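Chemist: Quick one: structure below, then a few questions.
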Amino acid sequence: MATEIQEIDLKTDEMIINMGPQHPATHGVLRLLLTLDGETVKHTEPVLGHLHRGQEWQGQNRTWFQYQALIDRVDYLSGMFTSWAMARACEEIDGTVVPPRAEYLRVMVSEMNRITSHLLWLGTYLIDLGAMFGFPFYPFREREKLFDLFEEIAGQRMMFNYIRIGGVVRDPKPEWLDKLKRFLDEFPDRIDEYETIVTQNPIFLKRTKDVGILTQAVAKDYGVTGPCIRSSGIPLDLRRTKPYSVYPELKFDVITFDKEGDTWDRYMARILEMRQSIEIIRQCIDKLPSGDIMGKKQMAGMRIKAGEGFSAVESPRGILGCYVISGGGEKALRFRWRNPSFCNLAILPELLKGCPLSDIMAIFGSIDVILPDVDR
Amino acid sequence: MFSNGDEIFKISRLTIVWLAGIFTIVWMVCWGLGIALPMLLTSQLGDKAALTNEILRAATPVIAILVFIPINAMFMVLIERRALALWTVRKGPNRVGPDGNFQTAADAVKLLLKEDITPTGADAVMHTFAPILFFAPSVFGAVPLLAAVTNNHPLFHVLNLPTGIFFVLAAGALPVVALVMAGWASNNKYSLVGGLRSAAQAISYEIPLVLSLITVCLMAGTLDLVKITEQQAGGILNWNLLGGGALTGLNNALAGGGAKALATSYFMGPISYVCAGLLVISLIISFWLYLTGACAEINRIPFDLPEAESELVSGYNTEYSGMKFAIFFLAEFTNLFVVSSITTVMFLGGGDNPIPPYILNNIPGIPQMVAAIRDSYFCSTLHIINPETFFATLWVIAKVYGLVIFAVLIRGTLPRFRIDQLMAFGWKRLIPLSLIVFIIVVFAREFVICHG
């Protein structure tokens, strides 16, 4: 028998890794099915729904009054915005006139909430990049101060239930405004402090520059909103493009960059947005009119006129929309939420294609996804 | 100035209490076994005790290390957590015992009592051996250092090897095998990636690390750790950190040698001065190269890719629990200590006082204090305190734990590299730089009289 020379190919296999639902960097319970070639990502499949609580269904089975208290939990880091979206949709149906003082207070607390949300993002993003123990707790220091202010005005630190249909629920005392002013005076220095540690840190720059570039075409196709799309050069900010509440009377810049954004730009956009929020709150304090704060009587059997309405607000993560159909009763007929995290998460497989394993965290963290907001 | 002065005070108090406790216990064990017991036996039995005494003296260093490593690791975990907490506006563990002193003791008890799990499908033998293989080199690798850090105390003479640093480096290269073993045997994809990363990283960063130490050995002209330490005696200008003897001439001149001492050391005139400057710069670069390489070698942030908690769920030790995990943990902190000791011995003059003797002896009170300690009952009769070793050990403790705290500060500041950036940094930056430094030193040392 003639001997044949066998050719041996060195065969390499792709490895399928199941990242999550329990993984320190997936911010809750996202599951990513990753196909890896060595350490390079070939394919990503996000598996959602581990945190599905039926928030829309719950809205249809609770009275308006009850659901107001529940709605902060949809996006637990920016409860003011979810409350506000729902309140505006209901006011649109009901034709309630919100008193100007309440509108200014809404803008103030929402911008405060935007700051707390971005601060938490900043800390956790650094954890994702591997600065496990150092920097992340500095933002939490300022976040706690804001939470103390929230506690004073809303009675709660995170699940505020402060913005209600028709207005806001409590009027702040003059001392509260003084405290807020004092915080705003010291906060820019604190942001400078974060920036001295992070912004030009060579390792941070290496990890974030030119990583996870989000092109304008992809961003538009997938319906990305919020700081993600603004850092890619599209100035989409509902506060300016489709102004609501008292935003037309306030001066602020919409943060955009000229080029297509990488993760560093998304970081920078949030830092700059915090600075803009400070300015907005300052203007609100100066312009705050006196008067009533509630345009609709809050009670357990509260009713909304029959009809349907949609409202959208610019939450820290993007456009947060709420669509309501009311039959005129104590409960809604249908709730539908447009959650920014859900839409922003959709670009993840696109951005992760061909990047190394370590960049998954850098990119996923920079999108700023809140899992309860994705799964509802 | 310090808003957290209270915390700083508490941490300093905790550090002093722990260090005093650790070194008193370890030294009492050494003294009891190596000095007091042989003295007692000789006085009772006479010559018959000679063999027993030899055995006791040989066993003393080993027992000392085995006593020292666990309590030292406990202290280092505690100080790392407290110091990190200080720098990250947190409180840190402060509930178990006064100042949280017993926190790590409680943690250790918890880890030892936990169930020891071998995952399904794991290679049980390899899974068990990996932590042992990881821990063992850090113990026997530390052995030759003991003579160097105690200023060659008679009890630890036996440990000194003529090729000391070579042995230490060889022992330091072993743990990577254990990490790959642990990653492979765990039957977990994250662990496997962690193990492979650690292999790649350790091999790459071994080169600048060893090259930087070779530069020092070249300046010293020996591999013997005790000799390297002795050469550096006599103040900060003699340390290897500052030129490895290139500034000794300056030191001698300051000590009273005047221009004559300068002319002896820098015999080529201006060329010698330039070369001395080059040597100082090169050795400082070598020092940083060593610190960087060592950080990568012992897997600390920013080079903790094999663990990478936010990516690989702590990598190679994901599947370990209980005692095996405790051994991994212990070895990690022991490695940090060993690396700091090597830095102290090779660059920072071992137990040498940074203030040179010609200044120190002129400070009123200090020579009298040294003499009083030397003549005291403890020192002259009981041999509890040996004046040479006593002050040397204090300096070693200050330097080594200073470096440990520095590593903690680094951990509290920097994010983590990506694996390809890590490799690029190692091969494209550190290795060429260390080779350049090495070549500069090879030529520059010919024009200056230095240690070697």
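Chemist: What tally of residues in the stretch A:15-33 results from selecting those that are of a type in the set (A, V, I, L, M, F, W, C), within 10 Å of chain B (Cβ to nearest Cβ) and touching a strand residue (DSSP E or B) at 6+ places or on another chain (Cβ under 7 Å)?
Modeler: 4
Chemist: Right, here's the next one. Looking at B:A173 and the list (1) of a type in the set (A, V, I, L, M, F, W, C); (2) more than 18 Å from the chain's Cα centre (by Cα); (3) farther than 19 Å from B:T344 by Cβ, which single condition is not satisfied?
Modeler: With respect to (1) of a type in the set (A, V, I, L, M, F, W, C); (2) more than 18 Å from the chain's Cα centre (by Cα); (3) farther than 19 Å from B:T344 by Cβ, B:A173 is out only on (2).
Chemist: Here are the criteria: (1) over 20 Å from the mean Cα position of the chain (by Cα); (2) within 14 Å of chain B (Cβ to nearest Cβ). Tell me which single one A:D185 does not satisfy.
Modeler: (2)
Chemist: Exactly one condition in (1) touching a helix residue (DSSP H, G or I) at 6+ places or on another chain (Cβ under 6 Å); (2) closer than 20 Å to A:V98 by Cα is not met by A:I229; state its number.
Modeler: It fails just one condition, (2).
Chemist: Additional query: Taking the stretch A:289-306 only, how many residues are buried (at least 16 other Cβ atoms within 10 Å of the Cβ) and more than 13 Å from A:E91 (Cα to Cα)?
Modeler: Residues that pass the stated criteria total 1.
Chemist: Can you pull out every residue in the stretch A:151-168 that is of a type in the set (A, V, I, L, M, F, W, C) and under 18 Å from the mean Cα position of the chain (by Cα)?
Modeler: A:M158, A:M159, A:F160, A:I163 - these are the residues of the stretch A:151-168 that are of a type in the set (A, V, I, L, M, F, W, C) and under 18 Å from the mean Cα position of the chain (by Cα).
Chemist: In addition: Condition (residue is hydrophobic (A, V, I, L, M, F, W, C), in contact with a Lys or Arg (Cβ under 7 Å, 6 or more places away or on another chain) and assigned to a helix (DSSP H, G or I)) applied to the stretch B:341-353: is it met by at least one residue?
Modeler: Taking every residue of the stretch B:341-353 in turn, none turns out to be hydrophobic (A, V, I, L, M, F, W, C), in contact with a Lys or Arg (Cβ under 7 Å, 6 or more places away or on another chain) and assigned to a helix (DSSP H, G or I).
Chemist: On the given criteria, is B:E332 buried (at least 21 other Cβ atoms within 10 Å of the Cβ), of a type outside the set (S, T, N, Q) and part of a loop (DSSP other than H, G, I, E, B)?
Modeler: For B:E332, the condition - buried (at least 21 other Cβ atoms within 10 Å of the Cβ), of a type outside the set (S, T, N, Q) and part of a loop (DSSP other than H, G, I, E, B) - is not met.
Chemist: Right, A:E314: away from chain B (no Cβ under 14 Å) and farther than 19 Å from A:V47 by Cα or not?
Modeler: So A:E314 fits the description; yes.
Chemist: Here are the criteria: (1) without any contact (Cβ under 8 Å) to a residue 60 or more places away in the chain; (2) in contact with a helix residue (DSSP H, G or I) (Cβ under 6 Å, 6 or more places away or on another chain); (3) not β-branched (V, I, T). Tell me which single one A:E111 does not satisfy.
Modeler: (1)
Chemist: Could I ask something else about it? Against the conditions (1) within 14 Å of another protein chain (Cβ to nearest Cβ); (2) without any contact (Cβ under 8 Å) to a residue 60 or more places away in the chain, where does A:I197 fall short? Just the number, please.
Modeler: Of everything listed in (1) within 14 Å of another protein chain (Cβ to nearest Cβ); (2) without any contact (Cβ under 8 Å) to a residue 60 or more places away in the chain, A:I197 misses just condition (2).
Chemist: Test each condition in (1) buried (at least 18 other Cβ atoms within 10 Å of the Cβ); (2) out of contact with any helix residue (DSSP H, G or I) (no Cβ under 8 Å at 6 or more places or on another chain); (3) part of a loop (DSSP other than H, G, I, E, B); (4) in contact (Cβ under 8 Å) with a residue 12 or more places away in the chain for A:T12 and report the one that comes out false.
Modeler: (1)
Chemist: Pull out all pairs, ordered by first then second residue, where Cβ-Cβ is under 6 Å, the residues are six or more apart or on different chains, the first lies in the stretch A:140-152 and is within 14 Å of another protein chain (Cβ to nearest Cβ), and the second is of a type in the set (F, W, Y).
Modeler: Taking only residues 6 or more apart or on different chains, the pairs are A:K145/A:F183.
Chemist: Let me ask something additional. Considering every residue within the stretch A:37-44, establish whether at least one is within 14 Å of chain B (Cβ to nearest Cβ) and among the hydrophobic types (A, V, I, L, M, F, W, C).
Modeler: yes
Chemist: Can you tell me which residues in the stretch B:74-89 are of a type in the set (K, R) and either touching a helix residue (DSSP H, G or I) at 6+ places or on another chain (Cβ under 6 Å) or surrounded by fewer than 20 Cβ atoms within 10 Å (Cβ to Cβ) (or both)?
Modeler: The one that is of a type in the set (K, R) and either touching a helix residue (DSSP H, G or I) at 6+ places or on another chain (Cβ under 6 Å) or surrounded by fewer than 20 Cβ atoms within 10 Å (Cβ to Cβ) (or both): B:R82.
Readers should treat all values here as calculations from the given coordinates under stated rules, not as data from a laboratory. Keep in mind that what you see is a predicted model, and the values were worked out from it rather than measured. Glycine also receives a Cβ, built like all others from the backbone with ideal geometry; neighbour counts cover every protein chain displayed.
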